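Notes follow the structure.
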Amino acid sequence: MTWIAANLWELLQPKRPARTSRQDRFAPPAAEPPPPVATRRTPMRERYDQLVTDMKAQYGLRVRKWRTNSSGCAWEVHYKDGTITRLIESPYPRGPMSCAIFLHEVGHHAIGFGTYRLRCLEEYHAWRWSLETMRELNFNVTTSVENRMHDSLYYAVVKAHRRGLKRLPEELVPFVRPRDRHANASNS
């Protein structure tokens, strides 16, 4: 029997194999992706490599994907047998910003999902954990990293307010207003 395309689009698109179940869609990949290939081995690159190795071991994490942009995601998969798989996606640490984002995603696992009822409060504590860890391990926390934290938390507060937050936690009061970009530009 021959297969006939119903339209031109079907001819151009490769046939995808059907997934067997919903569980397959959320299952972690069989193997973790390798870190991005570095052109040179520098002392800083080795420190970032060691940071990744240490954080994965300490918190039992798996990296689902190394992102090429400056965003990340952290989640857990709970299986019927009680097993929990801790996963993240983030940029590979190559500088202060990507390091902060990586540690922010690790921070969600470090502080524990559900520890803070409000999502915006969890974001605050993940960012706080990230920057404290960077300072503790002597990684450079730049003004850009602090600005990114502020912008991220401002967005989280606005989103929580839009979704009906009645009372803002005290920790988030500094993030009610966007940062003053002109003041930061003149201080740089």
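The values are calculated or read from the model by the stated rules, or taken from the named source; none is laboratory data. All values reported here derive from a predicted model rather than from experimental measurement. Heads up, the Cβs are rebuilt from the backbone with ideal geometry, glycines too, and the neighbour counts pull from every protein chain shown.
Here are a few things to note about the model shown:
- Residue match in the range 129-138 (condition: in a loop (DSSP other than H, G, I, E, B) and farther than 23 Å from Val77 by Cβ): yes
- Residue satisfying condition, being surrounded by fewer than 20 Cβ atoms within 10 Å (Cβ to Cβ) and under 21 Å from Val37 (Cα atoms), within set Ser70, Ser144: Ser70
- Options Val141, Val145: the member that is assigned to a loop (DSSP other than H, G, I, E, B), aliphatic (A, V, I, L, M) and at pLDDT 95 or above: Val141
- Test result for Ala57, of a type in the set (Gly, Ala, Ser), in contact with a His (Cβ under 6 Å, 6 or more places away or on another chain) and in a helix (DSSP H, G or I): no
- Scanning the range 105-141 for residues that are touching a residue at least 60 places away in the same chain (Cβ under 8 Å) and surrounded by fewer than 17 Cβ atoms within 10 Å (Cβ to Cβ) turns up just one, Leu137.
- Matching residues in the range 154-168 - criterion: being out of contact with any Pro (no Cβ under 8 Å at 6 or more places or on another chain) and either in contact (Cβ under 8 Å) with a residue 12 or more places away in the chain or in a loop (DSSP other than H, G, I, E, B) (or both): Ala156, Val157, Lys159, Ala160, Arg163, Gly164, Leu165, Lys166, Arg167, Leu168
- Among the criteria (1) in a helix (DSSP H, G or I); (2) of a type outside the set (Lys, Arg); (3) crowded, with 18+ Cβ neighbours inside 10 Å, the one Asp151 does not fulfil is (3).
- Where Phe102 falls short, out of the listed (1) out of contact with any Leu (no Cβ under 7 Å at 6 or more places or on another chain); (2) surrounded by fewer than 16 Cβ atoms within 10 Å (Cβ to Cβ): (2)
- The combined condition, being in contact with a Cys (Cβ under 6 Å, 6 or more places away or on another chain), at pLDDT 95 or above and buried (at least 17 other Cβ atoms within 10 Å of the Cβ), is fulfilled by Ala160.
- Check on Tyr154, modelled with pLDDT of 95 or more, more than 22 Å from Thr42 (Cα to Cα) and touching a Lys or Arg at 6+ places or on another chain (Cβ under 8 Å): yes
- Test: residue in the range 58-67 that is surrounded by 16 or more Cβ atoms within 10 Å (Cβ to Cβ) and out of contact with any Leu (no Cβ under 8 Å at 6 or more places or on another chain): yes
- Of note, Glu171 does not satisfy the criterion of being assigned to a helix (DSSP H, G or I), among the acidic types (Asp, Glu) and under 28 Å from Tyr92 (Cα atoms).
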